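Right, one structure below, let's go through it.
Where a number appears in this text, it was derived from the coordinates with a stated rule and is not lab data. Just so we're clear, the structure is a prediction, and the values are computed from it rather than from any experiment. Using ideal geometry, Cβ is built from the backbone for each residue, glycine included, and neighbour counts are taken over all protein chains shown.
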Amino acid sequence: MSSTTPKTIALNPGYRGFVVIVVHADYKQRVFLDVRDTENTQITSATFEGQGAKAYAKNTFNNRLHWSFGPFDYQATISVKINHMEAGNRLVASKMYGPLEVDKQPEPDYPIKFCQSMVFSEDANDNDRDDCIVSVLQYLQ
């Protein structure tokens, strides 16, 4: 189900992780990430922007193509809000889907445990749901 309400992903205590954002849209995409603890205190945040076909969004602070986090020794969440610029540089909330979450348990030959969460967006009416894809990967070694 789509919504313009920010999507929330749990960040697991003890896990490290990173966020990567891929855009596939003519409109500029802007993603705001907000990390908060269980008392709703903001821990950190980041803003990414990108535009084009299969292009990475860049962190507006340091131009990196990813954002690393953790490990946290407490419960936290990351909120994902996706917007896009329409004609006239008007910022509009995108329809978002997800998060789609995949957990991978440790295996004898690959002992890393990880969780991948993805939020997808739609900025127009083609319903391809690939205008902006936010991928949050958490891992525990």
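For the reader, a short list of remarks on this structure follows.
- Sorted fewest first by neighbouring Cβ atoms within 10 angstrom, Val119, Val35, Val134, Val20 come out as Val20, Val35, Val119, Val134.
- The range 1-79: trypsin sites (Lys or Arg not before Pro) in DSSP loop, at most 16 other beta carbons within 10 Å: Arg64
- Interatomic Cα distance distribution for the chain, bins of 10 angstrom, percent: 12, 42, 32, 12, 1, 0
- Euclidean distance of C-alpha centroids, the range 49-100 and the range 111-141, integer Å: 10
- At R0 = 25 Å, FRET efficiency that the Cβ-Cβ distance of Ala87 and Glu49 yields, to 0.05: 0.90
- Of Phe120, Leu91, Asn63, farthest towards positive along the dipole that unit charges on Lys, Arg, Asp, Glu beta carbons give the chain: Asn63
- Using C-alpha pairs below 8 Å separated by at least 6 residues, the relative contact order for the chain is 31 percent.
- Projected over every direction and averaged, the convex hull enclosing the alpha-carbon atoms of the range 56-121 yields 6.9 nm².
- Mean separation of Cα contacts under 8 Å (6+ apart) over length of the range 99-141, as relative contact order %: 37
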